[in-house]
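*Asks:* Can you read through this structure? Questions will come right after.
The values are calculated or read from the model by the stated rules, or taken from the named source; none is laboratory data. Note that the coordinates shown come from a computational prediction; the quantities given were computed from them, not determined experimentally. Cβ placement follows ideal geometry from the backbone for every residue including glycine, while neighbour counts extend to all protein chains displayed. For accessibility, only protein heavy atoms count, side chains too; no ligands or nucleic acids. Shrake-Rupley method; radii C 1.70, N 1.55, O 1.52, S 1.80 Å.
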Amino acid sequence: MGTRQVDVVIVGGGPAGFAAAAPIAAAGFSTLVVEEHRRVGLPIQCSGLVTSRVLEMVPSGSELIHHEVEGVLVHDPRGRCLHVDGRRPRAYVIDRAGLDQCCQQSAIAAGATVEEGVRATAVERTQRGVRLHLSASKGTTRTIDASLVIGADGVQSNVARWMGLRRPRDLAAAVEWRGAGLQIDPRFVAVFIGTTVAPGFFGWAIPHGQGHGAIGVGSCTSDTPALELLRRLTAQEGGYAGPMTTTFSRQQELCGVIPLDLVAKPYGDNVMTVGDAAGQTKPLSGGGIYTGLVCGRICGQTAVGALGAHDLSADRLKRYAQAVDAGVGKELRAAYRLRKVFRQLNDQQLSDLLETLDDRGLLQMVIAHGDIDFPGNLAARMLRAAPALARFTRPFLRAVLRPTTTLAPA
Ligand SMILES: Cc1cc2nc3c(=O)[nH]c(=O)nc-3n(C[C@H](O)[C@H](O)[C@H](O)COP(=O)(O)OP(=O)(O)OC[C@H]3O[C@@H](n4cnc5c(N)ncnc54)[C@H](O)[C@@H]3O)c2cc1C
């Protein structure tokens, strides 16, 4: 079979890939998205907790909502629990597979072609761009030429590897159990922090409504597998979340890897990476749907300009990274600095931190300004209001008050 030619091939049919595909196809450039799984969105590797911003970015987003969450209970290693009641819906548990399929439909409506069950197995450079080697689930192989390849192929991006781009290095391994009988207030997400509970990250319990829910752990150490940490967290004897799981019956286990560090140069000649492949996730929570959608759009818009100018050089495509940096990238970098400080705190310091935060004025500030998409704003405000917080570490103060931090007007 001869080699077909398209303008752009996007490897990976997740939110970031489809968000990039839509503007390119809408501008009239031939756009092919290949997704290795037979059905976009499946299997699910995500808790599906998002803010209303995500719902507003996809057509009929509100139809994806399974459950609304109003606040968070933060459990520390010494048994303290910080209760943050947002008093209105702050986050939503959504149908994650449905979200990916909505994004797919938007890309198709814009004119993109989506092929499911097709895996990219290699990319090589050609005189006019790139040649991708594709393998279909039935075992057939073919090649396709493109002016531009976009790696939206997740945290372990092969496109980045093949094209010589850096991949995220700071990773959290995560595992989650879903099932019935989780004993949790349906209005609150629970978070478990502690150096032995979830080294470098945190554990979580998320109500799904009607007695269903999920409990999971992320970890940044290879010393103890995340699955073992989850077993310990839920152990009936001594497990931090043991009381929540006495009647829990597990129906599903999902796992994955979460990138936490933004890749500074997600582009090269004829290539860009986007979403998890470029580390475009929130370093404090690991959430990457919102940031993947935002950066996907920027990536797609950059591609449109570059294709129109017949210039797909790294020098032209760097506008993508510049636009990301000027927008959501500022927040991601500030949050990454905060994350590094949190990682240095021992269990006593984490407990002291929660005690300091357990203050009426500070909690009101959290309720008024807390935003899981933009935590940097809140951290800076709180430090101004409560300088006592700075005692935890000087770097903490520097991390949130650096001039590059996004600060909303007071
Ligand atoms: C356990 C867990 C819980 C999470 N919970 C949340 C949460 O609650 N909220 C939130 O916002 N984020 C969450 N995240 C993060 C979120 O899932 C990701 O940030 C998001 O999916 C990134 O989207 P993406 O499009 O970049 O990549 P993905 O969604 O990973 O999509 C990449 C796609 O590329 C495909 N692919 C890879 N290689 C190839 C190839 N060679 N050929 C063809 N296709 C290929 C893959 O099959 C995949 O479908 C969680 C992650 C994990 C692991």
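*Asks:* Between ARG384 and THR195, take the C-beta separation as r, use R0 = 30 Å, and let me know the FRET efficiency to the nearest 0.05.
*Replies:* Efficiency, from the Cβ-Cβ distance: 0.60.
*Asks:* Sticking with this one: What does the highest-first list of 296-303, 197-204 look like by mean Cβ count within 10 Å?
*Replies:* Those peptides, ordered most packed to least, come out 296-303, 197-204.
*Asks:* How big is the accessible area of LEU230 in square angstrom, nearest 10, if you roll a 1.4 angstrom probe over the protein chains?
*Replies:* My reading of the accessible area for LEU230 is about 0 Å².
*Asks:* While we're on this one: Would you work out which of HIS212, PHE248, GLY154 lies farthest towards the positive end of the dipole of the stretch 128-265? Charges go on Cβ: Lys and Arg +1, Asp and Glu -1.
*Replies:* The residue sitting most towards the positive pole is GLY154.
*Asks:* Here is a follow-up. May I ask you to compute the full-extension gain from ARG142 to ARG4, defined as 0.36 nm times their residue separation minus their alpha-carbon distance, rounded to one decimal in nm?
*Replies:* Here the segment from ARG142 to ARG4 would lengthen by 48.8 nm.
*Asks:* Let me ask something else. Under a Cβ-Cβ cut-off of 15 Å, what is the net charge of the residues other than ALA326 that fall near it, where Lys and Arg count +1 and Asp and Glu count -1?
*Replies:* +3
*Asks:* Something else: Just how much of TYR240 is accessible, in Å², when a 1.4 Å probe is used and the result is rounded to the nearest 10?
*Replies:* 60 Å²
*Asks:* Moving to a separate point now. Stokes-Einstein D for the chain at 20 °C, 1.002 mPa s, Kirkwood Rh over Cα pairs, in µm²/s?
*Replies:* Estimated diffusion coefficient is 97 µm²/s.
*Asks:* Taking a point 7 angstrom from the Cα of GLU228 along the C-beta vector, which residues in the stretch 180-204 have backbone N less than 18 Å away?
*Replies:* Hits in the stretch 180-204 for GLU228 at 18 Å: 194-203.
*Asks:* In addition: Looking at the stretch 32-92, which trypsin sites (Lys or Arg not before Pro) are DSSP coil and have at most 10 other C-beta atoms within 10 Å of their C-beta?
*Replies:* ARG38, ARG87
*Asks:* Grab the DSSP H runs of the chain that are 4 residues or longer, score each as -39,500 (n - 2.57), total them, divide by all residues and round the 222 nm result to the nearest 500 deg cm²/dmol.
*Replies:* It lands at -9500 deg cm²/dmol.
*Asks:* Any idea how far apart SER60 and ARG161 come out in nm if each label point goes 7 Å out from Cα toward Cβ?
*Replies:* 3.8 nm
*Asks:* Contour minus end-to-end for ARG169 and GLN236, with contour as 0.36 nm per residue of separation and end-to-end as the Cα-Cα distance?
*Replies:* 20.6 nm
*Asks:* Follow-up question, since we're still on this one. Among LEU165, LEU354, LEU338, determine the one that fluctuates most according to a GNM of the chain built with springs between C-alpha atoms less than 10 Å apart.
*Replies:* LEU354
*Asks:* Given points 7 Å out from each Cα along the Cα-Cβ axis, report the GLU115 to ASP85 separation in nanometres with one decimal.
*Replies:* Distance between the two pseudo-spin positions: 5.6 nm.
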